[in-house]
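Nothing in this text is a laboratory measurement; each read-out follows from the coordinates by a stated rule. On a predicted model such as this, the values are computed, not experimentally measured, just so you know. Glycine gets a Cβ as well: all are built from the backbone with ideal geometry, and neighbour counts include every protein chain shown.
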Amino acid sequence: MTDTDLLPLPLAVEHRGSAPGYVSLDDRATLDAGPGTESTARWLRSALGAATGLPLADGPGPHAIRLRIRERTQAGTERGYGPEDYRLSTEDPDAAVVIEGGGPAGVFWGAQTLRQLLGPDAYRKAPVAPGPRWDLPQVTVTDGPRFRWRGLMLDVSRHFLPKDDVLRYLDLLAVHKLNVFHFHLTDDQGWRIEIRRHPRLTEVGAWRARTKWGHRASPLWTDVPHGGHYTQDDIREIVAYAAERHITVVPEIDIPGHSQAAIAAYPELGNTDVIDTTTLSVWDTWGINPNVLAPTDNTLRFYEGVFEEVLELFPSTFIHVGGDECPKDQWKASPTAQARIAELGVGDEYGLQSWFVRHFDRWLAARGRRLIGWDEILEGGLAPGAAVSSWRGYAGGIAAAEAGHDVVMCPEQQVYLDHRQAPGDDEPVPIGYVRTLKDVYRFDPVPPRLSAEAAAHVLGTQANVWTEVMENRSRVDYQVFPRLAALAEVAWSELPAPHARDFTDFERRMTAHYRRLDALGVDYRPPGGPLPWQRRPGVIGRPIEGAPPNV
């Protein structure tokens with residue numbers, strides 16, 4: 001391993017002289033934490049202290065790890081310290097390591113780079129190497145992110161992940177300098193967040209009697225009840241844990257489609273003049289569900305109550321409302337929905353969905369928050385302050401950005417990590433497009449035909465992980481890694497001229513990164529293909545052969 005094996009790739013790495021020397025951290029190492037860097041100091045003691053066995057007591061001096069916030073232009077450059085920018089140096093005569101950031105987040109990302117420089121054993125939970133000495137190359141790293149939204153969307157509705165697994169994923173995001181955790185909490189197959197004024201959402205909506213095994217065309221079922229939910233204190237813990245790692249948790253409460261779990265708990269939320277909603281249960285299979293919310297005042301008031309509790313738990317500016325895959329058949333057949341369309345003068349069912357979304361856009365804006373939804377929320381018109389997650393290719397994101405809306409680019413064809421990683425039969429439950437590590441690495445969140453003005457509305461990118469065929473943490477690991485490392489570099493590192501990333505160099509650096517993932521206990525897909533216990537022979541998937549990206 002060399003110091004150029006850093007991932008994501010930093011802006012600049014400089015050495016003093018022709019060959020780097022080394023400095024060492026040992027029992028004399030201390031932490032010299034300046035104002036605003038206290039959370040990074042706590043993290044260093046917890047993570048590096050455990051891995052190295054070093055006590056890291058408070059104190060300055062030549063053996064210190066010095067943490068500082070510097071709101072000034074870096075010497076010799078025109079680039080100022082942005083809030084997530086940092087400079088790490090092991091060449092200061094007055095300290096072993098100096099990390100300066102433009103804000104607390106920048107200092108924290110510098111600490112992540114320090115961990116990489118210490119080697120893969122720095123990712124373990126206890127020391128494994130003999131002796132108290134840890135060597136660092138003499139180097140100066142200058143760095144900062146390309147995008148301010150660098151995320152992962154994790155679906156815990158289709159398959160529930162216990163709280164400790166969620167906390168673990170926040171640690172894995174931090175390792176990769178990702179700063180947004182999009183938390184998909186509700187869907188047809190399960191409601192995962194406690195809402196105290198509506199207890200049946202979790203009493204009923206958090207559990208299904210059985211689960212489809214494989215794609216919805218599969219004849220196989222798992223006849224074991226599945227479910228679970230997070231209490232409000234669990235959510236507070238998750239949000240606080242994320243904040244310590246400078247990660248924003250963006251909750252998603254899906255409306256008006258993907259709502260059968262809520263309707264099963266409270267049948268009056270559905271289109272009762274079309275179907276008998278009292279017969280519905282939490283959905284046990286996959287696909288686009290026809291049972292959507294009724295466009296009534298009762299439904300609006302119910303979800304306002306839900307969002308009131310959500311806002312108390314999540315301080316994020318953005319609140320995700322889904323808005324995708326809402327079939328209009330029930331609304332077309334419903335006298336109540338048709339009367340609402342006429343009353344509002346919105347023209348048709350698409351206008352009705354737009355009215356539904358706009359209502360919550362205004363509701364959230366009045367409380368100082370911003371609505372974000374999947375790109376279907378563009379249909380029928382979108383309120384000016386709303387942002388768009390562009391998942392059906394680039395097209396929705398381009399339209400939104402050119403209309404002045406902020407955009408998170410996450411097209412299915414490039415960054416849906418539930419999609420298979422190779423065309424072979426060995427891939428477990430093969431779903432969707434073949435998207436290799438190289439494919440994800442070559443993804444650019446800013447389409448080349450986007451104007452400069454519109455491109456400024458691209459907040460960044462995220463990978464999306466839908467868990468229909470991921471029944472536990474190990475399966476999630478397999479689908480997410482190593483491709484999340486490629487997405488992390490896409491989101492963090494500046495695109496080099498001539499607008500093409502060096503995949504050969506990335507693969508070389510991944511050799512070191514696999515050792516970090518091993519130390520972290522990540523069940524990633526090996527470069528040579530799945531291990532025998534990672535396969536799912538005989539379980540039907542949904543291959544899409546030869547489908548080109550929709551750009």
Would you work out which of F181, Q353, Y169 lies farthest towards the positive end of the dipole of region 149-543, given +1 charges on the beta-carbon of Lys and Arg and -1 on that of Asp and Glu, about the Cα centre? Y169
For R197, what is the net charge nearby, where nearby means another residue's Cβ is under 14 Å from its Cβ and Lys, Arg count +1, Asp, Glu -1? -3
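Which order results if T222, T277 are arranged by neighbouring Cβ count within 10 Å, fewest first?
Details: T222 13, T277 18.
Fewest-to-most Cβ neighbours within 10 Å comes out as T222, T277.
Could you work out the local net charge near W283, counting Lys and Arg as +1, Asp and Glu as -1, over the other residues with Cβ closer than 12 Å to its Cβ? Please list the in-between numbers first.
Details: positive: R158, R208, R210, K212, R216; negative: D187, D188, D284, E468.
My count for the surroundings of W283 gives +1.
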Please give me, ordered by residue number, the trypsin sites (Lys or Arg not before Pro) of region 178-252 that lie in loop per DSSP and have at most 15 other Cβ atoms within 10 Å. R196, R197, R210, R216
Give the shape of region 22-161 as rounded, prolate or oblate, defined through the alpha-carbon gyration tensor: a ≥ b ≥ c are the square roots of its eigenvalues, a/c under 1.5 means rounded, and otherwise the shape is prolate if a/b is larger than b/c and oblate if not. oblate
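Within 10 Å of each residue's Cβ, count the other Cβ atoms and sort W109, W221 from fewest upward. Could the numbers behind the result be given before it?
Details: W109 26, W221 14.
If I rank by nearby Cβ atoms, fewest first, I get W221, W109.
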So how do D135, D254 line up by other beta-carbon neighbours within 10 Å, fewest first? D135, D254
Going through the DSSP H helices of the chain, which span 27 Å or more along their own axis at the Cα atoms while scoring at least -0.5 as a mean Kyte-Doolittle hydropathy? none
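Of the beta bridges DSSP finds with both residues in the chain, what % are antiparallel, to the nearest 5? Before the final figure, lay out each step's value.
Numbers: 23 of 68 bridges.
Of those bridges, close to 35 percent are antiparallel.
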How high is the FRET efficiency between W221 and R200 when r is their beta carbon distance and R₀ equals 25 Å, given to the nearest 0.05? 0.50
Let me check against my output: what whole-number percent is the relative contact order of the chain, with C-alpha pairs under 8 Å and at least 6 apart? 15
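Only Cα pairs under 8 Å and at least 6 apart count here; give the relative contact order of region 416-551 as a rounded whole percent.
Details: 144 pairs, mean separation 55.0, N = 136.
Result for region 416-551 is 40 percent.
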Dipole of region 3-143 [Lys/Arg +1, Asp/Glu -1 at C-beta], most positive-end residue of I65, T40, V139: T40
